[in-house]
Amino acid sequence: MKKLLYILIAAVCTLTSCKKEMTLEEKLAGDWHCTAASIDAELYVSFAADKTFSLYQQIGEGAFRVYNGTWSLSGATLSGQYNDGTSWATSYEVVSTDEDTLTLTAEGISETYKRISGGIPESAAGGGPGGQPGGKRSAPSARPAPGRCRGSRRFPPRNGELRPPARKAP
């Protein structure tokens with residue numbers, strides 16, 4: 001009888017102390033705000049469990065632009081494709097992730113994201129004044145990957161002033 005009691009206690013302790021380790025895909029799912037990047041841009045990204053993403057990007061004082069597509073993970077390499085079939089400019093190595101912080105690297109550049117609760121802020125998700133929600137874009141050129149912006153290689157411009165890229169006339 002005593003032996004049965006010990007086995008029962010051991011079984012209960014084993015079952016209650018087991019905590020399933022989250023996969024990297026599960027850790028990525030959610031809304032993130034970029035807090036450290038090499039460019040002057042406000043960035044939010046939402047990775048959904050169904051492998052879709054929405055990237056909200058504001059360069060300088062311009063309006064937020066919204067880019068949508070799908071993402072995939074191979075090992076620790078994060079890559080993606082926009083809804084029009086164009087791949088991200090680069091893939092990212094997921095260096096670390098925990099409940100609240102995500103660090104991505106690509107081509108020697110490191111970016112840090114903090115998990116946000118309550119969803120993407122309305123100022124970004126709504127596209128802001130003149131913004132283009134729903135994944136539309138102003139020019140057919142290559143879109144940025146999370147943390148990257150079109151023309152980022154020329155940032156900062158001369159005399160250290162940061163300006164958004166010139167827009168094409170409609």
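Couple of notes before you dig in:
- In terms of packing, defined here as the mean over residues of other Cβ atoms within 10 angstrom, the peptides 99-110, 40-51 line up highest first as 40-51, 99-110.
- Hits among aspartates and glutamates - C-alpha to C-alpha of Lys114 under 15 Å, sequence gap 8 or more where chains match: Asp31, Glu42, Asp98, Glu99, Asp100
- Beta bridges per DSSP with both ends in the range 54-133, % antiparallel, nearest 5: 95 percent
Each value in this text was obtained by applying a stated rule to the coordinates, not by laboratory testing. Nothing here was measured: the structure is a model prediction, and the numbers come from that model. Here Cβ is always computed from backbone atoms with ideal geometry, including for glycine, and neighbour counts include all displayed protein chains.
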